[in-house]
């Protein structure tokens, strides 16, 4: 990556998710000074999504005084397996059809400035470590639980990216080898058992099989509009079926955390993403599983806490990453 | 750890396993210059085992010119969850009754020299990285598959020990959340599905249920004497039941490796321990599972190879660890 020398300039950070894309200017002291959103039209394939991202960047550059020369660089976080060295989105369960897309170099060529690309949950891990729940820790695992499940690993105070930038795909750790098929092609992944999609799917399944739940009223009988958020709402109102569904997901999440505790012996597991807004409804049962199932040495060392930075963590982490390179 | 200054002295390394304990002098250039074995009488509890280990050390020190002052230090590798900072064996599925045993300080007090304590598979990982199959790699996961399954993690060229020395318990990663109970108290761990004990147990179970196998002849009808080694022998002779049992274990081992590939994106997974002597019989199917189930970015980056150092890797790694501290 060519380096501009001026660390006082903002980074233009982009966070490409499976449903929406965010863009923001991030100041050198890690404040989000401007932000925009756009839907991610995943069903249309990569090029229309990329065009839309470039339009967002163009708008940023055309307003105010923010030409490319007024930026430190562009930092792109995206859901998927990212080859950080080559700047490729190699594959992505949440971006169907994105195979070896050289997004970093496409942006670098178009704007002529420093550009980097990394996994969105890796970026969020970095942000939570530097600015959020994980400040001051040496070893931390970040888990984002939303539509899918992603992760990021901080080892000895640094983001661990692995041999080719693919490390941290914790959502695609098998915890039930004969379990349901996952969008990644594997079976029984943490994601297919404990993500938002899994929670919504399990609630639908139980209601279709005759289970009674306030969810039926909440969605006015339109089962397909059940989301994890609505299941959490019903659970908060004491709905038995919704509580059971969340308890099941939290149990699986706990099993995933046992694996992380036994493998990494981390100081902290930070849980972010949409489902983390459930707070203790999700974290308390998961913590209990860790206490019961992990090695006491590892269970005793790990604090399991909610993320602090909310939806901006991907953007903030991407900007931090850009300045580290 | 108090440091003697003389790096030209040998380390007295001890490797405490669930069935036997080895002790050896390791020269500064990592040669095993002397070696002794003793059974580990685990059923008698910690103190008789510790007494026997101290007797072994005493014998080393009484023969030749090797008094404590002629040693760089004592390095103890042991099966179990080791708190390396405190020098405790906190718990160990393979050493029942060992709970928070301060073995490091017991040895340090008795011999008055530098002593360190670490997990045996962590030690082996270090040895394979510095001297064996993993030379020249940056990121490596070591798996030892024998009676149990242990692991060690090399990140950025260094042993990763976690918050309290417990990292690398890869054998106690759940891959089947509703699977059989493991000796660690968890369920469906890799160890309970793919270890030597699992292979022997599954073969016994199938024969007891009426399965026909040459194993029955090999053990002269004494089912309890079936071991993973004998199952491998029968499989090598083309025995269907034995081949199926090993193929099942290799499949589970592959699922465990998919998790390691997706989480760590390592350059290499090195497989040691007794079962690795099966070679491709075990590794080829595991590799195939990784190819099918892991993210292409991660599957493409990882080489899955047999360990090179054999039974000495724990001793060698313990000595390397002592000199690093």
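Across identical copies of the chain, residue B:236 has label-point separations of 6.4 nm, listed in ascending order, with the point defined 7 angstrom from Cα along Cα→Cβ. Counting DSSP beta bridges with both partners in chain B, what percentage is antiparallel, nearest 5? Of those bridges, close to 55 percent are antiparallel. For the stretch A:133-308, count all C-alpha to C-alpha pairs, find those more than 20 Å apart, and express that count as a whole percent of the total. Tail of the P(r) past 20 Å holds 52 percent of the pairs. Rounded to the nearest 10 degrees, the angle from helix B:120-131 to the longest Cα principal axis of chain B is 80 degrees.
For the pair the stretch A:51-81 / the stretch B:4-52, the C-alpha centres are spaced 60 Å from each other. Considering only A:304, A:82, A:263, the mean-square fluctuation computed in a Gaussian network model of chain A, springs between alpha carbons under 10 angstrom, is largest for A:263. Considering only alpha-carbon pairs that sit under 8 angstrom and 6 or more positions apart, the relative contact order computed for chain A is 18 percent. Computed from Cα positions, the angle between helix B:240-264 and the longest principal axis of chain B comes to roughly 60 degrees. Between residue A:29 and residue A:44, the simple spin-label model (points 7 angstrom out along Cα→Cβ) gives 3.9 nm.
If all Cα-Cα distances of the stretch B:206-264 are sorted into 5 Å bins from 0 onward, what percent lands in each bin, rounded to whole numbers? Distribution as computed: 4, 18, 25, 19, 11, 8, 7, 5, 2 percent. Working note: 222 nm ellipticity from helices only, DSSP H runs with n ≥ 4, each -39,500 (n - 2.57), summed and divided by the residues of the protein assembly as shown, gives -12000 deg cm²/dmol to the nearest 500. Each copy carries a label point for residue B:135 at 7 Å from Cα toward Cβ; from one copy, the others' points are 4.7 nm away, ordered from shortest. Of the residues B:248, B:130, B:110, the one that moves most in a GNM of chain B with alpha-carbon contacts below 10 Å is B:110. Each Cα pair under 8 Å and six or more residues apart adds its separation to the average, and for the stretch B:133-308 the resulting relative contact order is 24 percent. Ascending distances from the residue B:7 label point to its copies in the other chains, with the point 7 Å along the Cα-to-beta-carbon line: 3.3 nm. All Cα-Cα separations within chain B were binned at 20 Å from zero, giving a P(r) of 33, 56, 11, 0, each value a whole percent of the pairs. Relative to the compact-globule estimate of 2.2 N^0.38 Å, the Cα radius of gyration of the stretch B:228-298 comes out at 1.15. Using the Stokes-Einstein relation with a Kirkwood hydrodynamic radius computed over Cα pairs, the translational diffusion coefficient of the stretch B:75-175 at 25 °C and a viscosity of 0.890 mPa s comes to 176 µm²/s.
Using a simple spin-label model with pseudo-atoms 7 Å out from Cα toward Cβ, residue A:229 and residue B:209 lie 4.7 nm apart. Largest mean-square fluctuation among A:213, A:91, A:161, in a Gaussian network model of chain A whose springs join Cα atoms under 10 Å apart, belongs to A:213. The mean number of Cβ atoms from other chains found within 10 Å of a Cβ in peptide B:259-272 is 6, as a whole number. If the Kirkwood radius is taken over C-alpha pairs of the protein assembly as shown, then at 20 °C and 1.002 mPa s the Stokes-Einstein diffusion coefficient equals 82 µm²/s. The fraction of all Cα pairs in the stretch A:1-143 landing in successive 10 Å bins from 0 to the largest distance is 12, 42, 36, 10, 0, given as whole percents.
Between the stretch A:111-129 and the stretch B:248-325, the C-alpha centres lie 30 angstrom from each other.
Relative to the longest principal axis of the Cα atoms of chain A, the long axis of helix A:46-62 makes an angle of roughly 50 degrees.
Read-outs throughout are calculated quantities, based only on the coordinates presented, and are distinct from any laboratory measurement. What you see is a predicted model, and the numbers here were worked out from it, not measured in a lab. For neighbour counting, all protein chains shown are included, and Cβ atoms are generated from backbone atoms with ideal geometry for every residue, glycine included.
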